[in-house]
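The values are calculated or read from the model by the stated rules, or taken from the named source; none is laboratory data. Not measured: the values here are computed from a predicted model. No Cβ is skipped: glycine too gets one built from the backbone with ideal geometry, and neighbour counts run over all protein chains shown. Only protein heavy atoms, including side chains, enter the accessible area calculation; ligands, DNA and RNA are left aside. Shrake-Rupley method; radii C 1.70, N 1.55, O 1.52, S 1.80 Å.
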Amino acid sequence: MLIHEHSKPGRIGAPQAPVVKADISDIPEQFVRKERARLPEVSELQAVRHYTRLSKKNFSIDTHFYPLGSCTMKYNPRACNSLAMLPGFLSRHPLTPDRYSQGFLACMYELQSMLCNAMGMAAFSLAPMAGAQGEFAGIKMISAYHKANKDDARKEVLVPDAAHGTNPATATMCGFTVKEIPTLDNGDVNLDALRQATGPQTAALMLTNPSTLGVFERQIEKIAAIVHEAGGLLYYDGANLNAILGKIRPGDMGFDVIHTNLHKTFSTPHGGGGPGSGAVGVAARLEPFLPLPLISKENNQYRSLTGQDAPQSIGYLSAFMGNAGVLLRAYIYMRLLGKTGMERVAEFATLNANYMMAEAKRRGFQLAIPERRASHEFIITLKKEASELHVTAMDFAKRLLDLGYHAPTTYFPLLVPECLLIEPTESEAKEVLDGFMDALEQIREEAKTDPELVTTAPHTLPVQRLDEVSAARNLDLAWKTERHPG
Ligand SMILES: *Cc1c(COP(=O)(O)O)cnc(C)c1O
């Protein structure tokens, strides 16, 4: 039920503080509303109940297990949130001069340095506001680097077929041609194909390691050598660092440019397109191209660098300092964890994933890459269930919702048919992981005894199974009085 449907003329919430009439004298006449806005007329208690009920319909990390592979929906400590929301941070205007923003700038400066240390890069910019924007900044820097070297023939970006869709999209947006590199059945990059594809036309290779197949690329040093010897650069998609945090560093693997999603690994809840950060780090030779603003420290004063300080910079990606709240959460998270804490993130993220993978195998589910250890995530393929029982990965995903679990990532990576990409994260207890595996087993049993229960799920949610194409193409969320008269 919509709040408008609770509305009764004249019903109001009594003001509990003096009402100050807004001064609208500055607003040009043609923009001033002639009729009263059609707001719902409800009592305060009705409004409270309405929104509380709605909030309880959400699947959220605060209420449910959310094993969303690649994307990481992990628990974000409350302290990060409350400290990032201290009044001094919240009420700081983005145009405040640097000399009155020293505390905030100090946090940003230290965050840049901590990211450099944790990733093994020479410099970091906090400007990008999403993973995809970080990739855009990274490939723009690579493009600027080759241009500065008058190396104009490099028109191609290599992307393994296991990559996140944003990788080829980014390369294309930056004006490169994308060449796909095949992956072996064991999850590693096909080195022969890579050697053949690499040459004087290669601008860069974009790689995710551990890959979205949930395994660590063991030949990374060879890969780096092949690309570097051909004069190309190595781009690291570090959207999700949970498996390697504190253990190994992309810089040490040979990567020249990296983005990391602070909203996946470093304590900002995300989903639904909420605020993010795709901070970018570079090796020393790419430092001049980093996007602005960058925070420097000179004579104990923090300062935002501008185009005058960094004439080769690819420029600004937004009006101000990226998503400041996300950056603060990441800063506090890293300070809370320290080096030991970060190592434990990687240890528990991989332990949980490997435990679940072993459980999946024990319970007779088919693993996508059974011979490999999992990173922070792993894949099961429901190919057999689909052909023998006629229930798909999507049916499993929908039925999981009835059983109180958010669905894992489905049908990604595209290489594995009928797949579920499962990422338990470091913060879940063993009982939760067991409960989820029980649920998968229960669904497989239901598929044998009562398949319709599975293929028509979910049954317990406010919205049942949607026509996904219409839901995506003809999404209509507007409430109009003409359509709901009376
Ligand atoms: C999430 C993700 C991205 C994109 O990040 P956004 O913040 O959603 O733009 C890129 N690569 C990988 C591997 C990801 O998991």
Practice prompt. Go through segment 227-334 and tell me which strands (runs of 3 or more DSSP E), entirely inside it, have 1 or more residues that are surrounded by fewer than 16 Cβ atoms within 10 Å (Cβ to Cβ).
Written response: 295-298, 301-304
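In the list Tyr75, Tyr66, which residue meets the criterion of being open to solvent by 100 Å² or more (accessible area, probe 1.4 Å), under 30 Å from Ile332 (Cβ atoms) and touching a residue at least 12 places away in the same chain (Cβ under 8 Å)? Before the answer, list the steps.
Details: Tyr66 fails: open to solvent by 100 Å² or more (accessible area, probe 1.4 Å).
After ruling out the rest, the residue left standing is Tyr75.
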Response to the item:
Within segment 29-50, of all residues that are open to solvent by 60 Å² or more (accessible area, probe 1.4 Å) and part of a loop (DSSP other than H, G, I, E, B), the one farthest from Val463 (Cα to Cα) is Lys34
Practice prompt. Among the residues of segment 199-225, count how many are open to solvent by less than 20 Å² (accessible area, probe 1.4 Å), within 15 Å of the ligand (Cβ to nearest atom) and hydroxyl-bearing (Ser, Thr, Tyr).
Written response: 2
Discussion item. Where the second residue is buried (at least 19 other Cβ atoms within 10 Å of the Cβ) and aromatic (Phe, Trp, Tyr) and the first is outside the structural domain of Val215 (by TED's automatic domain parsing) and lies in segment 403-415, which pairs have Cβ atoms under 7 Å and are six or more apart or on separate chains?
Written reply: Tyr405/Phe65; Tyr405/Phe436; His406/Phe65; His406/Tyr66
Item to complete: Might you check whether a residue that is polar (S, T, N, Q) and part of a loop (DSSP other than H, G, I, E, B) occurs anywhere in segment 195-205?
Response: yes
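Just need a number here: residues in segment 106-132 that are within 15 Å of the ligand (Cβ to nearest atom) and closer than 20 Å to Leu234 by Cβ. Talk me through it step by step, then tell me what you get.
Residues of segment 106-132 that are within 15 Å of the ligand (Cβ to nearest atom), as a first pass: 126-132.
Those left that are additionally closer than 20 Å to Leu234 by Cβ: 128, 131-132.
Number satisfying all stated conditions: 3.
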Practice prompt. Run Val159 past the list (1) open to solvent by less than 30 Å² (accessible area, probe 1.4 Å); (2) over 22 Å from the mean Cα position of the chain (by Cα); (3) among the aliphatic types (A, V, I, L, M) and report the number of the one that doesn't hold.
Written response: (2)
Discussion item. Can you tell me which residue is nearest to the ligand (Cβ to nearest atom) among those in segment 170-190 that are in contact (Cβ under 8 Å) with a residue 24 or more places away in the chain and open to solvent by 50 Å² or more (accessible area, probe 1.4 Å)?
Written reply: Met173
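Quick one: count up the residues across segment 80-123 that are of a type in the set (A, V, I, L, M), exposed (fewer than 14 other Cβ atoms within 10 Å of the Cβ) and assigned to a helix (DSSP H, G or I). Steps first, please.
As a first pass, look at segment 80-123 and keep what is of a type in the set (A, V, I, L, M): 83-86, 90, 95, 105-106, 108, 111, 114-115, 118-119, 121-123.
After this cut, where a residue has to be exposed (fewer than 14 other Cβ atoms within 10 Å of the Cβ) as well, the list is 85-86, 90, 95.
Subsequent filtering for residues that are assigned to a helix (DSSP H, G or I) retains 90.
Summing the residues that are of a type in the set (A, V, I, L, M), exposed (fewer than 14 other Cβ atoms within 10 Å of the Cβ) and assigned to a helix (DSSP H, G or I) in segment 80-123 gives 1.
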Fill in: Odd one out for Asn76, checked against (1) away from the ligand (no atom under 16 Å from the Cβ); (2) not in a helix (DSSP H, G or I)
(1)
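Each row is one residue, and each column tells you yes or no for (1) at negative phi; (2) touching a Phe, Trp or Tyr at 6+ places or on another chain (Cβ under 9 Å); (3) in the same structural domain as Leu305 (by TED's automatic domain parsing).
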{"site": "Leu126", "(1), (2), (3)": "yes, no, yes"}
{"site": "Gly134", "(1), (2), (3)": "yes, no, yes"}
{"site": "Ile139", "(1), (2), (3)": "yes, yes, yes"}
{"site": "Tyr145", "(1), (2), (3)": "yes, yes, yes"}
{"site": "Thr170", "(1), (2), (3)": "yes, yes, yes"}
{"site": "Gly175", "(1), (2), (3)": "no, no, yes"}
{"site": "Ile181", "(1), (2), (3)": "yes, no, yes"}
{"site": "Leu207", "(1), (2), (3)": "yes, yes, yes"}
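Which residue, of Glu377, Glu359, Glu388, Glu343, is acidic (Asp, Glu) and farther than 25 Å from Ala429 by Cβ?
Details: Glu377 fails: farther than 25 Å from Ala429 by Cβ; Glu359 fails: farther than 25 Å from Ala429 by Cβ; Glu343 fails: farther than 25 Å from Ala429 by Cβ.
Result of the check over Glu377, Glu359, Glu388, Glu343: Glu388.
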Worksheet entry | Pairs, first in the same structural domain as Asp161 (by TED's automatic domain parsing) in segment 212-228, second among the aromatic types (Phe, Trp, Tyr) and in a loop (DSSP other than H, G, I, E, B), C-beta under 8 Å, six or more apart | Thr212/Phe412; Ala224/Phe255
Item to complete: Kindly list, by first and then second residue, each pair from a residue in segment 463-482 that is surrounded by 10 or more Cβ atoms within 10 Å (Cβ to Cβ) to a residue that is part of a loop (DSSP other than H, G, I, E, B) and not aromatic (Phe, Trp, Tyr), limited to pairs with Cβ atoms under 8 Å and residues at least 6 apart or on different chains.
Response: Gln464/Thr456; Gln464/Pro458; Arg465/Thr456; Arg465/Ala457; Arg465/Pro458; Trp479/Leu2
Item to complete: Output the number of the condition that Pro9 fails; it satisfies all remaining conditions of (1) assigned to a loop (DSSP other than H, G, I, E, B); (2) open to solvent by less than 90 Å² (accessible area, probe 1.4 Å).
Response: (2)
Discussion item. Here is a check on your reading of the model: is Ile443 under 23 Å from Ala243 (Cβ atoms) and either assigned to a helix (DSSP H, G or I) or not assigned by TED's automatic domain parsing to the domain that holds Val159 (or both)?
Written reply: no
Discussion item. Could you tell me how many of the residues in segment 13-28 are surrounded by 10 or more Cβ atoms within 10 Å (Cβ to Cβ) and in contact with a Ser or Thr (Cβ under 9 Å, 6 or more places away or on another chain)?
Written reply: 1
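Could you check segment 420-447 and list, in sequence order, the residues that are open to solvent by less than 40 Å² (accessible area, probe 1.4 Å) and within 12 Å of Phe348 (Cα to Cα)?
Let us first name the residues in segment 420-447 that are open to solvent by less than 40 Å² (accessible area, probe 1.4 Å), namely 420-426, 433-437, 439-440, 443-444, 446-447.
Of everything in segment 420-447, those that are open to solvent by less than 40 Å² (accessible area, probe 1.4 Å) and within 12 Å of Phe348 (Cα to Cα) turn out to be Glu423, Pro424, Thr425, Glu426.
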Worksheet item: Just for segment 266-297: of the residues that are polar (S, T, N, Q) and modelled with pLDDT of 95 or more, which one is nearest to the ligand (Cβ to nearest atom)?
Response: Ser277
